[in-house]
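The values are calculated or read from the model by the stated rules, or taken from the named source; none is laboratory data. In this text the structure is predicted, and so the values were computed from the model without any measurement. With ideal geometry, Cβ positions are generated from the backbone for all residues, glycine too; neighbour counts draw on all protein chains shown. With ligands, DNA and RNA removed, areas are computed over all heavy atoms of the protein, side chains included. Shrake-Rupley method; radii C 1.70, N 1.55, O 1.52, S 1.80 Å.
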Amino acid sequence: MATQAGFNTTSVNDLISGVAIDDLIMGANVPAHVFMGLAKIVDVPPGSDTYRFPRWDTVSVSATLAESDEAAFTSITTSAESVNGSVYPVRSFLSDEAQHDAKLTVEMALARQAEILMDGMDKNFLAAISSATNTSNHTGVALDLDKWEVAKTAIIAKNPNAGDLVFIGTPKQVGDIETAIRSNGGGSMVVGAGSELFNSMPLSVYRGLYNGVHFFASTNVPDSGGADASAAFMVAGAAIGMAFWFRMKSKGVDAAGRAGVDLMSYARYGLTIVNQNNLREVISLKS
Amino acid sequence: MKSWVETKGPHGVLQGVLPVCTPDGVIKYVRFGWGLSSPLLKVEIEHDPETGVSMIIDARLKSALERVGWATMADLFRADEGEAGPRWRAYLEWLKRTSMLGADPPTRRPFPEKYLPSGVGERRNGAHRALDDEEIVIPESELVKTPSKQKARKAGLEET
């Protein structure tokens with residue numbers, strides 16, 4: 001039967017608006033941030049461009065005191081790591097046209113800039129692992145439970161400070177441990193000691209507890225060479241320090257001569273390893 | 001010759017990657033920058049206040065680490081083949097092809113072991129171990145053998 005004249009998408013095309021766009025903009029594909037829970041975060045008071053993280057040195061005293069004798073003096077010393085801050089900016093021009101046509105507000109733009117800044121903080125935090133002096137080297141091979149436990153024992157032997165012991169690796173490095181759990185003991189660990197880690201939510205950066213250690217999986221773990229990455233055991237809040245001169249500032253300037261707003265979000269911070277004995281790098285295949 | 005390579009960290013901020021070798025022969029790639037301080041290194045970075053451009057002037061291992069066997073890969077290559085030899089140049093080319101320096105797609109191949117400097121192998125063989133790990137040996141002549149009582153009884157030398 002032939003088409004009928006009347007109201008159709010061609011005849012009344014002027015009434016049809018363009019593409020319908022979801023109001024909820026999905027997030028970028030970046031790992032969830034771990035630095036907020038794992039770093040030793042401090043705020044630097046005004047007056048200095050350098051921040052120092054001190055720690056007590058280990059002192060052994062074993063001499064006894066003979067009767068009527070005088071006690072010898074014991075030297076108590078400290079060590080420290082210092083850090084300078086750097087300003088990390090994210091700057092963008094938000095045009096009036098984009099605000100109107102894309103329904104973008106200044107607040108939305110600044111919130112997106114803040115997310116990008118925190119992505120950078122997370123990458124920088126984990127990049128500090130590359131400066132560890134204690135390293136378990138498994139370059140070119142996948143992790144397994146034996147290698148993981150030897151590394152765990154090695155960090156415990158350094159008498160790390162009290163706190164939650166964390167293992168953070170790439171998804172493959174954590175997955176290697178899951179594979180080992182699945183194949184160990186005829187699969188009995190899947191419902192036994194390894195069940196929390198093995199059955200955790202795979203899309204979550206926090207993967208659960210195994211053998212007293214909290215597992216995190218993040219693609220921000222730094223690469224080491226061609227095919228490896230530097231995973232790490234660390235004591236949460238005691239291995240890598242982040243000193244903030246200011247955490248987040250935002251400013252918007254009406255740009256003279258341009259139709260829009262010049263937006264910038266920025267933070268000033270510095271990072272360093274504050275105690276090498278609270279950190280152990282584990283190098284193995286990353287993917 | 002520079003012992004480090006430069007890359008862009010988060011937000012395009014200048015960062016350095018300095019390959020080092022530990023006393024045990026582990027090759028590590030130490031990240032550093034103005035806001036990313038490495039306790040392994042002494043770093044000098046200059047900022048030009050007018051242009052806002054940062055430059056890494058120098059980056060080297062702390063001397064306390066060098067004394068116990070740490071070394072930069074640049075120094076190890078230099079010890080074998082002098083300044084900017086072919087293996088060091090190949091190593092720099094390989095670094096630029098890795099994901100550490102943002103190569104896309106990156107290489108997954110390791111740098112060939114046969115081209116690594118001899119200092120790495122020496123460290124892996126224990127040449128720079130801090131501990132004195134020599135086996136304890138007592139000369140045979142100094143060992144006093146205790147006579148066997150059973151043999152003595154058989155020979156009639158001892159009463160049962």
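Side notes on the structure shown:
- Some residue of region B:32-55 being in a strand (DSSP E or B), open to solvent by 20 Å² or more (accessible area, probe 1.4 Å), over 29 Å from residue A:89 (Cβ atoms) and of a type outside the set (Ser, Thr, Tyr): no
- Leading residue by the ranking (nearest to the chain's Cα centre (by Cα)) among those in region A:264-287 that are more than 10 Å from every other protein chain (Cβ to nearest Cβ) and surrounded by fewer than 20 Cβ atoms within 10 Å (Cβ to Cβ): A:277
- Region B:95-106: number of residues that are of a type in the set (D, E, K, R), within 15 Å of residue B:29 (Cα to Cα) and either at the interface with chain A (Cβ under 10 Å from one of its Cβ atoms) or loosely packed, with under 13 Cβ neighbours inside 10 Å (or both): 1
- Test: residue B:109 is surrounded by fewer than 17 Cβ atoms within 10 Å (Cβ to Cβ), basic (Lys, Arg) and more than 13 Å from every other protein chain (Cβ to nearest Cβ): no
- Some residue of region A:26-41 being more than 23 Å from the chain's Cα centre (by Cα) and in a loop (DSSP other than H, G, I, E, B): no
- Single unsatisfied condition, residue A:148 versus (1) modelled with pLDDT of 95 or more; (2) away from every other protein chain (no Cβ under 14 Å); (3) surrounded by fewer than 22 Cβ atoms within 10 Å (Cβ to Cβ): (3)
- Residue in region B:96-112 that is assigned to a strand (DSSP E or B) and more than 21 Å from the chain's Cα centre (by Cα) present: no
- Taking region A:185-222 as the range and being open to solvent by 60 Å² or more (accessible area, probe 1.4 Å), closer than 26 Å to residue A:128 by Cα and of a type in the set (A, V, I, L, M, F, W, C) as the test, the residues that pass are A:203, A:209.
- Residue B:60 vs. criteria within 9 Å of chain A (Cβ to nearest Cβ) and of a type in the set (Lys, Arg): no
- Pair list, Cβ < 9 Å and 6+ apart or interchain, from region B:71-91 residues that are free of Cβ contacts under 8 Å to residues at least 60 places away in the same chain to residues that are small (Gly, Ala, Ser) and open to solvent by less than 30 Å² (accessible area, probe 1.4 Å): B:71/B:119; B:76/B:119; B:77/B:85; B:77/B:119; B:79/B:71; B:79/B:119; B:80/B:119
- Matching option when the condition is more than 15 Å from residue A:282 (Cβ to Cβ) and either surrounded by fewer than 24 Cβ atoms within 10 Å (Cβ to Cβ) or of a type in the set (Asp, Glu) (or both), among A:179, A:153, A:139, A:135: A:179
- The strands (runs of 3 or more DSSP E) falling completely within region A:174-273 that include 3 or more residues that are among the small types (Gly, Ala, Ser) and at pLDDT 90 or above map to A:228-235, A:240-254, A:260-273.
- Any hit, region B:44-58, residues being within 21 Å of the chain's Cα centre (by Cα) and touching a residue at least 24 places away in the same chain (Cβ under 8 Å): no
- For region A:104-135, a residue qualifies if it is within 10 Å of chain B (Cβ to nearest Cβ) and among the β-branched types (Val, Ile, Thr), and the qualifying residues are A:116, A:129, A:133, A:135.
- Verdict on residue A:227 being under 30 Å from residue A:158 (Cβ atoms), surrounded by fewer than 23 Cβ atoms within 10 Å (Cβ to Cβ), touching a strand residue (DSSP E or B) at 6+ places or on another chain (Cβ under 9 Å) and within 9 Å of another protein chain (Cβ to nearest Cβ): yes
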